[in-house]
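Novice: Below is a structure I'd like to ask you about.
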Amino acid sequence: MNTRNVLPISLIALSLTGCATMPDQQATTAEVRSVLLSQPVTVQPLEQPVALAERTKGRAVANTVIASMAATAAANVGGANTLQGMQANQTIASELGTQMARTLPEAELIKAGTGIDRALAHRLARYFEPDESSPTGDGIVIEVAAAKWELGYESFLTSSDYRLDYDIDVRVTKSATPDQPTRRLKTIDCSGTFDRKMPIDQWRADDYLEVDTAAHDIVDHCYELALAEMGMT
């Protein structure tokens, strides 16, 4: 399988660095539109796009087996000869199994199908590309961050389908000036589940062609949502 590495799902979220922002109340759509039209806009490029994560039934079974084996081994350590000692060993073993299950990776990161956040950033950058009439000076920074881009099984027992989940933020931030700190004007959340579900082999076929096709539709949706929330449509 075309995999790159294995990480806990909690590490999938993309971390963006930048200036500290104040916890301001979000601006209205009209206010965001006003500043976007009156100030220069920069869309922050993404150096590392989000990778597609696969949360499969096979991975879940493997994690359960590993945690169970570790718990069994721990329960047999110590050679307890009393009921109290055996109960203590069982408690320790149960806690070890639970802790190990929490730390084992839930998903594999895939080389194919990556970069939905970068594609959205490129679309927004083209929209806000400056021309001769664009304002100059301190302006607005737009960042795109993907917290989730995942193929995961819908049900362990009752369905063979896998769903494609996404969670992308578009953040509109006003740059700092000598007399004002950086201010987050608006965070636009575009998240959900793609409307088609299918077995994992169909998602993987032709180097994840179905994922790429879905990504185009999702980027279109998030692009239109972002522009609408910014008052640009």
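Novice: Just the residues that are open to solvent by 50 Å² or more (accessible area, probe 1.4 Å) and either of a type in the set (V, I, T) or closer than 13 Å to M230 by Cα (or both), please, taken from the range 188-205.
Specialist: If the condition is that a residue be open to solvent by 50 Å² or more (accessible area, probe 1.4 Å) and either of a type in the set (V, I, T) or closer than 13 Å to M230 by Cα (or both), then D189, T193 are the ones that fit.
Novice: A further question follows. For the range 114-131: of the residues being acidic (D, E) and more than 12 Å from P49 (Cα to Cα), which is most open to solvent (accessible area, probe 1.4 Å)?
Specialist: Once the filter is applied, the top-ranked residue is E129.
Novice: Just the residues that are assigned to a strand (DSSP E or B) and either in contact with a helix residue (DSSP H, G or I) (Cβ under 8 Å, 6 or more places away or on another chain) or within 19 Å of P40 (Cβ to Cβ) (or both), please, taken from the range 154-182.
Specialist: Y162, L164, Y166, I168, V170, R171, V172, T173, K174, T177, Q180
Novice: Of the residues that sit in the range 133-155 and are of a type in the set (D, E) and open to solvent by 50 Å² or more (accessible area, probe 1.4 Å), which one is modelled with the lowest pLDDT?
Specialist: Per the criteria, the residue is D138.
Novice: Additional query: I'd like to know if the range 168-184 contains one or more residues that are closer than 26 Å to K111 by Cα, touching a residue at least 12 places away in the same chain (Cβ under 8 Å), of a type in the set (A, V, I, L, M, F, W, C) and surrounded by fewer than 21 Cβ atoms within 10 Å (Cβ to Cβ).
Specialist: no
Novice: Of (1) at negative phi; (2) surrounded by 15 or more Cβ atoms within 10 Å (Cβ to Cβ), Y208 satisfies all except one. Which?
Specialist: (1)
Novice: Further, regarding this structure: Pairs under 8 Å by beta carbon, first residue over 19 Å from T28 (Cα atoms) and touching a residue at least 24 places away in the same chain (Cβ under 8 Å) in the range 218-233, partner open to solvent by less than 10 Å² (accessible area, probe 1.4 Å) and part of a helix (DSSP H, G or I), six or more apart or different chains?
Specialist: I218/I116; V219/I116; V219/L120
The values are calculated or read from the model by the stated rules, or taken from the named source; none is laboratory data. Predicted, not measured: the structure shown is a model, and the values here were computed from it. Backbone-built Cβ (ideal geometry, glycine too); neighbour counts: all protein chains shown. When the accessible area is computed, the model is the full protein with side chains, heavy atoms only, and any ligands, DNA or RNA have been set aside. Shrake-Rupley method; radii C 1.70, N 1.55, O 1.52, S 1.80 Å.
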